1. For segment 184-210, how many residues meet the condition of being of a type in the set (G, A, S), part of a loop (DSSP other than H, G, I, E, B) and surrounded by fewer than 16 Cβ atoms within 10 Å (Cβ to Cβ)?
2. Considering segment 151-170 alone, what residues qualify as being outside any strand (DSSP E or B) and among the small types (G, A, S)?
3. Would you mind finding the one in T148, T131, T173 that is at pLDDT below 95, assigned to a loop (DSSP other than H, G, I, E, B), surrounded by fewer than 16 Cβ atoms within 10 Å (Cβ to Cβ) and of a type in the set (V, I, T)?
4. If the Cβ limit is 9 Å and pairs must be 6+ apart or interchain, which residue in segment 44-66 that is over 30 Å from F22 (Cβ atoms) pairs with which residue that is hydrophobic (A, V, I, L, M, F, W, C) and at pLDDT below 80?
5. Looking for something open to solvent by 70 Å² or more (accessible area, probe 1.4 Å) and either over 29 Å from G76 (Cβ atoms) or touching a strand residue (DSSP E or B) at 6+ places or on another chain (Cβ under 9 Å) (or both) - is there at least one such residue anywhere in segment 157-168?
6. Hey, S226 hits all of (1) exposed (fewer than 15 other Cβ atoms within 10 Å of the Cβ); (2) out of contact with any Asp or Glu (no Cβ under 6 Å at 6 or more places or on another chain) but one; which does it fall short on?
7. Determine, yes or no, whether A213 is assigned to a strand (DSSP E or B), among the small types (G, A, S) and under 27 Å from R128 (Cβ atoms).
8. Filter segment 18-39 down to residues that are at pLDDT below 90 and of a type in the set (F, W, Y) and give me whichever is farthest from M217 (Cα to Cα).
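The values are calculated or read from the model by the stated rules, or taken from the named source; none is laboratory data. A quick note: this is a predicted structure, and the numbers were derived from the prediction, not measured. Note that each Cβ is placed from the backbone with ideal geometry, even for glycine, and that neighbours are counted across all protein chains shown. Protein only, heavy atoms only, side chains kept; ligands, DNA and RNA dropped before computing areas. Shrake-Rupley method; radii C 1.70, N 1.55, O 1.52, S 1.80 Å.
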Amino acid sequence: DKLTSSDQVLMKGRGEFGSEVFFRRWTMDTSLLMEYGKAVIRPANAARVENETADDLLIQNEFRYKLYDCRELLGGLAAGLFTSAGYDTEFKTSGAVPRRKILRAKGGFKLFEGRALNALYLAGVLDRDHTYNASYTKRGWEAGFDLTLPFRYFDYDMTGMFRSFAPDGLKPTDLKRELKLDAKIKMRLVRDLALSPFVSYYSASGAAISRTASNTMVGISLEYSSLFKPKR
């Protein structure tokens, strides 16, 4: 029906704060990630429908130890071991499912501090899930990368993460595999303010369902970022 239409509004906000402390070969990285998104659909002659598109609150503390300083590799890289501990939750519950509450520990090998390759890692993952009344443990592995390519008028940023859990001990509602890919072109407008066209891809498969579901989002974001060192 060409005369019938639906108005759809998609809102999404993301905030990320972090600090790094350096001491000889050790680095401590503390981060806070907040992300929330909602789609509001107003069909013709029907009730309004609201659906969450993102809901994440992640607090993480990471320790890195530099084993090797590879100055001639890919513009300079450091290689070493890392371990991290974090808390993964959400702002709101989704329907009858309780709020996600996961304590996560990771440890493995990482390349970091490169000019283009900010991070490339492989780690074992241990999750303690407190979402339900009876807590339980999930075991798996994770790999990821963070890449930045600077050009004259813009920067190209790409990040990716793949996580897989062993099937033993998973609940039917748990995810067995996750894949996240994000790419954006960061065009600076004024100082720390940038306009960034982006593409986000997410896919996952569950413990009880072997089929993979995926979602792709394309858009333009307005972002502000600033890096500073405290005065001593």
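1. Residues meeting the conditions: 2.
2. A166, G169
3. So the residue among T148, T131, T173 that is at pLDDT below 95, assigned to a loop (DSSP other than H, G, I, E, B), surrounded by fewer than 16 Cβ atoms within 10 Å (Cβ to Cβ) and of a type in the set (V, I, T) is T173.
4. A44/L3; T53/L10; T53/M11
5. yes
6. Of the numbered conditions (1) exposed (fewer than 15 other Cβ atoms within 10 Å of the Cβ); (2) out of contact with any Asp or Glu (no Cβ under 6 Å at 6 or more places or on another chain), the odd one out for S226 is (2).
7. Yes: the conditions hold for A213.
8. The qualifying residue farthest from M217 (Cα to Cα) is F23.
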